[in-house]
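Let me begin by presenting the structure, written as structure tokens, before commenting on it.
A short reminder: the numbers here are calculations on the coordinates, not readings from a lab. This is a predicted model, so every value here is computed, not measured. Because the Cβ atoms are built from the backbone with ideal geometry, glycine has one as well, and the counts that use them run over all protein chains shown.
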Amino acid sequence: MPNRTLALEVGGATLRAVLVESTLRTQRVLGFYSAPRSNGDLAADVRALATAHGLRWDEVVASLAGELVTHRILTLPFSDRKRLDQTVPFELETHLPFELDEGVVDYQVLGRDGDAAVVLAALAPKTAVREHLAALAAAGLDPRVLDLAPLAALNVFRASAQHTPRDVALLVLDPASAAVAVLRAGRLVGLRTLSHGSSPNGDPTQLVRELRWSLLALAGADALPALDLWIAGESAGRPDLTAALEEALGTRPRTIETLPIDAVPVPLRGRQAAFAAPLGLALREAGDAFGVDFRRAEFTYHREREALWRSLAAAGALALVALVLMVASFVLEGHRLGARRDAVRAEIRQLFTAALPNVRAIVNEKAQLASEIAALEKQRALYGGLAPSAPRVVDVLRALTLGVPADVALEIEELALDGDTVRVRASTRAYEGVDAVKRGLAARPEFRDVQAKDVRASVDGQRVDFRLALTLAHGGES
């Protein structure tokens, strides 16, 4: 089922939002939306924007403005995640005008050089995070992610089909702020946020000068001419700013609205530059994306965990029901098998009684039948081997008893004599036992045809059930 994500950028004088629909394999931008900020009432602005455009979403992601966050790129002589968790906050502490406990720290591993790790470490004051989340909560929003806006904008470039490993500089220019990022072979090597931006009617000279010095500091004077320069942000389309950047940097910048991004429909690509930060924030779920998340410690996002616990509880309840049903099934099957066993034993007892009506004490039908057959054999020998012309049950039982190998444990559950045909339903411990019984009975002269049918394992897997069809030889005469 598609999932809709609303990405919000609330810095500056304009509220910007991007709505993205995601499936397991694809992402598709549904629209770019913006509205001027009112008198600081973010909740009212978000509600007005959602109402005006009829927006509906499943989750929200948001970002903090760059000027609210302290960030550094650090190279640490180890890459173990546990040691990084312990060390990164203290590496930032020397750059803070306040205590470390007053901030929320997150980091992203940008790459590894041997055993060393290169990380982007970012810290946001807890007061800024708390106020931002409270304002969104007043609008009924609980963002799953709280990212850094200038860092999120880089994901727009990385999501483009034209992304190459060349050295790249991205300038994010808005009326109230600006940011500079440098990528070398796809790795972030520098990120800087400026406290002022490109005012609509102001002279861009000072801003261009600061951008140039930032690029020199981040990329180096030798690398500056070879940089592939791109600009984004609300002011990316100003011709005077573009011309001033070209004159100062010696290369003509291109706007990211010209980048082909699969997730952005062609009619919307002309607005990519202005919505770079929220668009990159919405696309951060793609692999190899830049991003940090200040929803940590006391600000941890709990909705996913609560949903997970609810899912686990539901799964546990279903598993318990399944277990109860399975136990009940085993009990019922046990009762059914017990009843069947008792019925078979009663039938065997009935057949035994019919065959030997004078026997009162029945202990072991098979042993007693064998003993009785032996006695009858003695009588037969005594009477000169005379036998009745019609088959008798005792003769059949004798032939069955003698035909079954002594090492085969055979349990006869049903025996029927119908004219010249004897039908037996029995069970043994293994499939080999069935073959041995068939061979043994086929060797008896009393039977001229022996067939084994419906050979299969029992329900409990402890024995093999089968049926025998035996044809008596010459009307049962041996």
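Observations
- Within region 206-251: Cβ-based charge dipole about Cα centre, in debye rounded to nearest 20 (Lys, Arg +1; Asp, Glu -1): 80 debye
- Straight-distance candidates among the lysines for linking to Lys438, with alpha-carbon spacing under 16 Å and chain neighbours fewer than 8 residues away dropped: Lys453.
- Ranked by how many other beta carbons lie within 10 Å on average, peptides 176-184, 249-257 from highest: 176-184, 249-257
- Summed side-chain charge close to Gln27 - residues other than Gln27 whose Cβ falls under 15 Å, Lys, Arg +1, Asp, Glu -1: 0
- Ratio Rg/Rh [Cα only; Rh per Kirkwood] for region 359-476: 0.98
- Formal net charge of residues neighbouring Phe157 (Cβ-Cβ distance under 15 Å; K, R +1; D, E -1): +2
- Which of Thr51, Thr127, Gly140, positive extreme of dipole for region 51-174 (C-beta unit charges): Thr51
- Potential extension, Thr205-Arg448 segment - 0.36 nm per residue separation minus Cα distance: 76.1 nm
- Of the residues Ala375, Ser63, Leu170, the one whose Cα sits farthest towards the positive end of the charge dipole of the chain is Ala375 (charges of +1 on Lys and Arg Cβ, -1 on Asp and Glu Cβ, taken about the Cα centre).
- Relative contact order %, region 359-476, counting alpha carbon pairs below 8 Å whose residues are six or more apart: 24 percent
- Segments 328-337, 122-131, 78-87 sorted - mean Cβ within 10 Å per residue, highest first: 122-131, 78-87, 328-337
- As a rough guide to protection, the peptides 430-437, 267-274, 404-411 ranked by mean Cβ packing within 10 Å, highest first, stand as 267-274, 430-437, 404-411.
- Only Lys, Arg, Asp and Glu carry charge here, each on its Cβ (+1 for the first two, -1 for the last two); on that basis region 81-235 has a dipole of about 440 debye about its Cα centre.
- Lys/Arg +1, Asp/Glu -1 at C-beta; region 359-476 dipole; positive extreme among Val408, Gln451, Ala361: Ala361
- Model label zone, Glu91; criterion: amide N under 11 Å from point 7 Å along Cα-to-beta-carbon; scope region 38-76: 72-76
- The charge dipole of the chain, taken about the Cα centre with unit charges on the Cβ atoms of Lys, Arg (+1) and Asp, Glu (-1), comes to about 1540 debye, rounded to the nearest 20.
- Using a simple spin-label model with pseudo-atoms 7 Å out from Cα toward Cβ, Ala416 and Ser195 lie 10.2 nm apart.
- Fraction in percent of alpha-carbon pairs per bin - 10 Å, the chain: 4, 15, 19, 13, 5, 3, 5, 8, 10, 9, 6, 2, 1, 0
- Sum of side-chain charges, Arg269 neighbourhood, beta-carbon under 15 Å (Lys, Arg +1; Asp, Glu -1): +1
- Using C-alpha pairs under 8 Å with a sequence gap of at least 6, the mean separation divided by the residue count of the chain gives a relative contact order of 12 percent.
- Prolate/oblate/rounded label for region 157-288 (Cα gyration tensor, a/c 1.5): oblate
- Using θ = phi - 60° and Karplus 6.51 cos²θ - 1.76 cosθ + 1.60, couplings along region 60-72 (whole Hz; Gly, Pro as x): 10, 10, 9, 9, 9, 5, x, 6, 8, 10, 9, 9, 8
- Rounded FRET efficiency, nearest 0.05, which uses the C-beta distance separating Gln462 from Ala134 and R0 of 51 Å: 0.15
- For the chain, the antiparallel share of DSSP beta bridges with both residues in that region comes to about 80%.
- Shape of region 1-141, Cα gyration tensor, a/c cut at 1.5: oblate
- Coupling constants for region 104-120 follow from the phi torsions by the Karplus curve (6.51 cos²θ - 1.76 cosθ + 1.60, θ = phi - 60°), and in residue order they are 10, 10, 9, 8, 10, 6, 8, x, 10, 10, x, 7, 8, 10, 9, 10, 9 Hz; glycine and proline get x.
- Simple spin-label estimate for Arg340 and Thr471 in nanometres, 7 Å along Cα-Cβ: 3.0 nm
- The modelled label-to-label distance for the pair Arg269/Met1, using points 7 Å beyond Cα in the direction of Cβ, is 3.4 nm.
- Calculated FRET efficiency, Ala116 to Arg254, Cβ-Cβ distance, R0 = 30 Å: about 0.30 to the nearest 0.05.
- What the Cβ-Cβ distance of Arg47 and Ser329 gives, at R0 = 60 Å and to the nearest 0.05, is a FRET efficiency of 0.65.
- A straight chain from Arg429 to Ala35 at 0.36 nm per residue would run longer than the Cα-Cα distance by 133.8 nm.
- Helical contribution to [θ] at 222 nm, DSSP H n ≥ 4, -39,500 (n - 2.57), averaged over the chain, rounded to 500: -12000 deg cm²/dmol
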